[in-house]
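Enquirer: This structure is in structure tokens; I'll ask about it shortly.
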Amino acid sequence: MLEPEQLSLNIPDSTKPRVVIIGGGFGGINLAKKLPNKDFQVVMFDRQNYHGFWPLLYQVATAGLEPDSIAEPLRKMFGSDKYPDFHFRLVKVTGVDPTARVVSTVIGDISYDYLVIATGTKPNYFGNDQIKKFSFPLKQVPEALNLRSQILQCFEQANMTRDAEMRQALMNFVIVGAGPTGVELAGSLAEMRSHVLPTDYPGLDFGKMNIILVEGMDRVLPPMSAEASEKTYKYLKELGVDMRLGTLVSSYDGDVATLKNGEQIKTNTLIWAAGVAGALVDGLPETSVERGRILVNEYSQVLGFDNVFAIGDIAFMKTPEFPKGHPGVAQPAIQQGKLLGKNLPRLLRGEALEPFKYKDKGSLAIIGRNRAVADLPGNLHFGGFFAWIVWLFVHVMALVGFRNKLVVLSNWAYRFFTYENGTRLIIRPFVRRGDRVRRKFIDKYEAD
């Protein structure tokens, strides 16, 4: 294994202005696609070598899809002759120096003419280190695979234990946060409970499997309309999801989740979908950061700098319509990336920049088969089968790559007719820190 000091970024010199993009998410890839390679050298850094379609990450976690069906290698996306001066490096950025115009990484530094920060978000545990240690976040593919292994291992162990209390803890699943991720995950687990798991584990009583959704607000889906919230609550009730609204989880030690109202729930699985924080990069002045996000103007320029930009979830752009910034969904990042791809050539030519105006294309959430809700422009709100069809179409079309569209569509068609989740494989056993029982079990299993 090479040591960091033996590595180099190996970015070729260029007479063209260099644009460094930190992050290969929705904002980063749409910017890179729009930038003309004849005018710029484009360098992208990310800690993973793929672009992921995170709205479907919960389906990877619940054994509905494999990770390669919702991800596309960045080198494949930009490997054609259309992007001759695009350079990707799988590396962690450690900081930026806007004064010196330098980006630092674990294997070296690089200068830039224009810097674009598109690092997105990370889980926000609100300072609770215990919950951070023992809960399951759902922001990246490895986390989804960890959660999938955890869920399936819980049923394997529940099927083998004689201890009724331990079995119940293994079959209690607590989801914290009733935003889109939380309600979609709860709905998916409820459908597994009804249609998949009883066949796999005939010795278990799935009437005792509890899916508990905890939300600090007084309704589910707080980011969406009241109509969508009411329909979602009804759908989740029909699916047998136990909702605890208006309360928070105060602690979780890996065995017991304690709510703010004093209630305690014994569970081996607490899934954290309660909030996110900006994935900030070291080096920006404090005056450029507010509420954990980077302050930008209407052109996505970081306040105080003409050649540093931030787009997507990490950017905090205050407007009269969005005084708290744009919603943390894919569309603002996509639209900001595309516009910046037009504005950087304008900036290079000394032309006026076009301000960003968000085009709200609506919000969708799926709660299960034939159950979804939609808030669309024009104050349109609807739910049920038609919203479910719209959700399926929008998400298939938004996937990157024809293969991924085909794989996901065929998986969904198979599940629709068979009620099967086809990827119930424990590829890599997961052992949480401090779980001595499972560690001992896995060690015995792998002893030979």
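The values are calculated or read from the model by the stated rules, or taken from the named source; none is laboratory data. Owing to the predicted nature of the structure, the values given are computational and were not obtained by experimental measurement. When we count neighbours, we look across all protein chains shown, and the Cβ atoms used for this are built from the backbone with ideal geometry, even at glycine. Just the protein is used for accessible areas: all its heavy atoms, side chains included, with ligands, DNA and RNA removed. Shrake-Rupley method; radii C 1.70, N 1.55, O 1.52, S 1.80 Å.
Enquirer: Place a point 7 Å from the Cα of Glu165 along the Cα-to-Cβ direction; which residues of the range 255-292 have their backbone N under 13 Å from it?
Expert: Correct set: 256, 266-267.
Enquirer: What size of dipole, in debye to the nearest 20, comes out for the range 123-207 about its Cα centre when the only charges are +1 on Lys and Arg C-beta atoms and -1 on Asp and Glu C-beta atoms? Write out the running numbers ahead of the final one.
Expert: Values: 7 positive and 9 negative charges, 40 e Å.
Once rounded to the nearest 20, the dipole reads 200 debye.
Enquirer: Are any of the pairs Lys231/Lys318; Lys34/Lys361; Lys76/Lys359; Lys318/Lys405; Lys237/Lys260 more than 25 Å apart by Cα-Cα distance, and if so, which?
Expert: Details: Lys231/Lys318 31 Å; Lys34/Lys361 21 Å; Lys76/Lys359 29 Å; Lys318/Lys405 35 Å; Lys237/Lys260 23 Å.
Over 25 Å apart, Cα to Cα: Lys231/Lys318; Lys76/Lys359; Lys318/Lys405.
Enquirer: Between the range 219-234 and the range 135-165, how far is it from one alpha carbon centroid to the other, in angstrom?
Expert: Using only Cα atoms to place each centre, the spacing works out to 28 Å.
Enquirer: Still on this model: Suppose the chain between Asp97 and Lys359 were pulled fully straight at 0.36 nm per residue; how much longer would it get relative to their current alpha carbon spacing? Spell out each step's value before the answer.
Expert: Numbers: separation 262, 0.36 × 262 = 94.32 nm, distance 3.31 nm.
Taking 0.36 nm per residue and subtracting the Cα distance, the gain is 91.0 nm.
Enquirer: Mind telling me which of Leu376, Leu138, Leu239 comes out most flexible in a GNM of the chain, alpha-carbon contacts under 10 Å?
Expert: Leu376
Enquirer: A follow-up question, please. Mind pulling the angle between the C-alpha long axis of helix 330-349 and the longest principal axis of the chain? Nearest 10 degrees, somewhere in 0 to 90.
Expert: The angle comes out near 10 degrees.
Enquirer: Compare Leu284, Leu56, Leu406 by solvent-accessible area with a 1.4 Å probe and give them largest first, with all protein chains kept in place. Spell out each step's value before the answer.
Expert: Details: Leu284 25, Leu56 0, Leu406 100 Å².
Accessible-area ranking of Leu284, Leu56, Leu406, largest first: Leu406, Leu284, Leu56.
Enquirer: Moving to a separate point now. How far is the Cα center of the range 339-391 from the Cα center of the range 176-218, in Å?
Expert: So the separation of the two Cα centres works out to 29 Å.
Enquirer: Grab the Cα-Cα distance for Glu420 and Glu230, subtract it from 0.36 nm times how many residues apart they are, and report the gain in nm with one decimal. List each step's numbers first, then the result.
Expert: Values: separation 190, 0.36 × 190 = 68.40 nm, distance 2.85 nm.
Value of the extension gain: 65.5 nm.
Enquirer: By average Cβ neighbour count within 10 Å, what is the ranking of 7-15, 108-116, 95-103 from highest down?
Expert: Values: 7-15: 10.4, 108-116: 19.2, 95-103: 16.4.
Ranking the peptides 7-15, 108-116, 95-103 by packing returns 108-116, 95-103, 7-15.
Enquirer: Which residue, Trp272, Asn30, Thr319, has the largest displacement toward the positive end of the dipole of the chain when charges sit on each Cβ (Lys, Arg +1; Asp, Glu -1)?
Expert: Going by the charge dipole, the pick is Asn30.
Enquirer: Taking 0.36 nm per intervening residue step and subtracting the Cα-Cα distance, what contour gain separates Ala413 from His195 on full extension? Write down the numbers at each step before the final one.
Expert: Working: separation 218, 0.36 × 218 = 78.48 nm, distance 1.54 nm.
My answer for the length gained is 76.9 nm.
Enquirer: Grab the other residues whose beta carbon is less than 14 angstrom from that of Asn159, score K and R as +1, D and E as -1, and report the net. Could the numbers behind the result be given before it?
Expert: Values: positive: Arg162, Arg167, Lys208, Arg424; negative: Glu156, Asp163, Asp200, Asp205.
Net of charged neighbours comes to 0.
Enquirer: Remind me, relative contact order of the range 313-430 in percent, using alpha carbon pairs under 8 angstrom and six or more residues apart? Each step should come with its number before you reach the end.
Expert: Working: 94 pairs, mean separation 13.1, N = 118.
For the range 313-430, the relative contact order is 11 percent.
Enquirer: Order of 271-280, 411-420 by packing, highest average Cβ count within 10 Å first?
Expert: Details: 271-280: 21.6, 411-420: 13.7.
Packing order, densest peptide first, comes out as 271-280, 411-420.
Enquirer: Right, here's the next one. Which whole-number percentage describes the relative contact order of the chain, with Cα contacts under 8 Å and a sequence gap of 6 or more? Let's see the in-between values first.
Expert: On the way: 844 pairs, mean separation 86.2, N = 448.
Taking the mean separation of contacting Cα pairs over the length of the chain, I get 19 percent.
Enquirer: FRET efficiency for Gln48 and Gln130, Cβ-Cβ distance as r, R0 = 45 Å, nearest 0.05?
Expert: Working: r = 27 Å, r/R0 = 0.61.
The pair Gln48/Gln130 has a calculated efficiency of 0.95.
Enquirer: Taking only DSSP H segments of four or more residues, each worth -39500 (n - 2.57), what value at 222 nm results for the chain once the sum is divided by all its residues, to the nearest 500 deg cm²/dmol?
Expert: Numbers: 13 runs with 143 residues, N = 448.
Result for the chain, helices only: -9500 deg cm²/dmol.
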